[in-house]
Structure formats: structure tokens, C-alpha cells
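Notes to accompany the following structure.
Readers should treat all values here as calculations from the given coordinates under stated rules, not as data from a laboratory. Quick caveat: nothing in here was measured; it's all calculated off a predicted structure. As a convention, Cβ positions derive from the backbone with ideal geometry for all residues, glycine included, and neighbour counts pool all protein chains shown.
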Amino acid sequence: MSRRKKPREEMEFGSDSFLDVVANVVGILIILMVLAGIRAKTAPVNLAEEIPETTPVKTPPPVVIAAPVDEEAKAARQHELAALQSQSDSLQQELDRLCQAAKADATQLTELQSQDAVQKNRFTALTSNLEGEFAALRDNQQESELLEAALHAVRVRLKKRQAEVVAAEKQPNRVEKLEHRITPVSRVISENENELHFRCQGGAVTVVPIEELVERMKGQIDRQRDVILRLKKYSGSVGPVRGWNLNYVIETQQQLGMVRASVSQFELLPEADLAGERSDVALRPDSAFRNELRKAEPGSTITFWVYPDSFVLFRKLQALAHREGFTVAARPLPEGTPIMGSPNGSRSAAQ
């Protein structure tokens with residue numbers, strides 16, 4: 001910026017100085033012209049030169065008395081006129097020189113204006129580039145915040161898993177008796193069927209609101225659409241809903257010049273204080289489990305996510321669901337494994 005301002009200040013100073021010099025020269029010329037006119041009016045008249053000679057007819061020639069000529073004054077006037085003429089020539093030369101300088105200054109002014117326009121264009125381009133870099137920096141910062149949130153969620157889940165492992169190690173080994181019955185023919189649940197989800201763990205049953213969490217996930221994806229399309233992988237979380245949180249991962253792919261985003265996997269995690277109903281409570285007519293069955297549409301499928309410590313509870317709830325006219329699907333899970341899903345996973349098989 002300082003390099004542009006300095007030539008402009010020198011240019012403005014040269015233009016003002018040039019105008020001052022021209023004004024002074026013109027003033028000097030006017031004063032010299034006035035002095036020359038005054039001297040011409042006050043100069044003595046040479047009578048011998050002004051009175052013409054006449055020869056009157058038939059008269060004697062008159063006696064002409066010539067006025068004395070002041071040679072020194074005449075020489076002085078001539079010398080003064082020569083000096084004025086020389087000074088006028090000098091002033092004319094100075095005026096020509098100043099005109100040439102003015103033309104050179106005008107040319108320099110034009111060049112400086114052209115350079116200033118180039119510098120302005122460069123400044124505009126630099127400003128545009130900086131704005132683009134700032135926008136990219138903001139996007140990177142937002143992506144970093146999202147990654148930090150996902151990392152925090154992973155750390156929380158890891159602490160929960162560690163606590164569950166410690167609690168499982170402290171529990172004594174129990175041998176539970178399972179009743180065997182003939183397994184009916186199973187069928188794969190279609191996408192259009194209504195499905196209710198329950199978790200059986202620790203001898204208690206809890207409802208898993210997968211549909212409600214998925215609806216919230218869709219709304220969040222719509223709101224974060226612009227951010228998701230700029231990233232190759234996006235992690236998000238919704239909840240809690242009825243004591244459950246849903247963490248999901250979205251991956252984007254370029255196909256035929258278009259960006260396609262899809263959920264690659266999701267994971268359901270319960271809150272630490274989520275409490276379920278044990279078998280003696282869940283089988284009552286006024287239990288939360290029975291109320292969920294009443295709200296379900298006829299012919300719906302009940303899917304139980306069963307952990308190793310709750311197969312006895314599952315058999316009791318399965319028998320009740322069959323009596324109520326529902327088909328039942330079981331999804332056994334190893335201890336410590338959360339409820340997960342992905343587009344490549346299998347659908348439940350109902351019986």
C-alpha cells in the first residue's frame with residue numbers, strides 16, 4: 001500500500017509546482033508588457049523625424065532647426081529593448097521547457113494511473129482469494145468440531161463398555177434352565193411391515209424406539225446437507241429419545257458428476273440410567289411392555305434384541321406376544337455388543 005501512495009504524492013506535488021511556475025511566468029510577461037508600453041509613451045519625440053520636409057512654391061526655403069538628438073538615451077532605450085527582447089526570448093524558452101515538462105508529467109500521470117488500476121485489480125483478486133481461504137478455514141473448523149464431538153461420543157461409549165465389563169466380571173456365573181420348544185417356520189420381514197423393537201438385557205426388557213430415532217436422524221441430515229456433501233465421511237448423533245441415543249455415519253460417493261450420500265452404519269446406545277421391566281412386571285396387564293403391544297397395529301412383528309443373560313425373559317415375552325397375535329423375531333447379541341445396523345446387514349426373521 002505504501003508503494004502506491006508515494007508515487008501519487010510525488011505526482012500531485014509536481015502538478016501543483018508546474019501550475020505555480022506557469023502562473024508566475026504569465027504574470028512576469030504581463031508586467032514586462034505594461035512597462036514596455038509606459039516607456040514607449042514617455043519617450044521624447046524626435047521632431048526632426050516627425051516634421052516632414054516641405055518645399056512651398058515660390059517661397060524661400062525655410063530654415064530647419066533640428067532638435068538635438070540624445071544619442072545616449074536612444075542607445076539606452078535600444079539596449080533596454082534588446083534586454084527586454086532577450087528576457088522575453090528566455091521566458092519563451094522557459095515557457096516551452098515548462099510545457100514539455102508538463103507533457104512529460106501528464107504522460108507520467110497516465111502511466112501512474114494505469115499502474116494504480118493494475119494494483120487495484122491485484123488487490124481485488126487478493127481480497128477474493130483471502131475470502132475464499134477464510135471460507136475454507138471456517139468449513140475446516142466446523143468439520144474439526146464435528147470430529148471432536150464424534151470422538152467425545154466414542155470416548156463416552158468406551159467408558160460405558162469398560163464399566164459394563166467390570167460389572168460383568170464381578171457377577172457370579174449362573175446356569176439358567178431354558179425350555180425347549182419346536183421352532184416354527186420363520187420368514188424374513190419385509191420393508192413395508194410394522195416392526196417393534198425391544199431389548200432384553202440384565203433380566204429386564206426395554207422398548208427401543210428405532211423408528212423415532214431414525215426420523216430425527218433424517219431431519220438432522222436434511223439440516224446438515226451442505227456440510228455432509230462437502231465431506232467424504234460425516235458422523236452424527238441424535239437423542240436421547242425414551243432413554244436411547246443413535247449415532248450414525250454417512251459416506252459420500254461421486255457418481256456421474258453427482259454426489260450421493262448414504263448411511264453406512266448406525267449404533268443405538270442406552271442412557272446410563274435407563275431402567276427396564278423385569279419379567280414379573282412386564283407380564284402384568286398395566287406394564288409398559290403390554291402398553292406398547294396394545295399400541296401396535298395387528299400383524300406387526302416384535303423384534304427382541306437378546307443378550308446371553310436374558311434368554312429366559314425372552315421366552316416368556318415371546319409366548320405372550322404369540323398369544324397376542326404377533327410374529328416374533330429374535331436377534332441374539334454377544335455381551336457388550338451394542339445394537340447396530342447397516343445397509344449391508346440382514347433383516348429380521350419372524351416366527
Too-long pairs where the Cα-Cα distance tops 27 Å, listed order kept, from 120/232; 159/233; 218/316: 120/232; 218/316
What ranking do 316, 170 get, fewest neighbouring Cβ atoms within 10 angstrom at the top? 170, 316
Just rank 210, 28, 38, fewest to most, by other beta-carbon atoms within 10 angstrom. 38, 28, 210
Round to the nearest 0.05 the FRET efficiency obtained for residue 29 and residue 112 when R0 = 22 Å and r is the Cβ-Cβ distance. 0.10
Per-residue Cβ neighbour rank within 10 angstrom, fewest leading, 340, 217: 340, 217
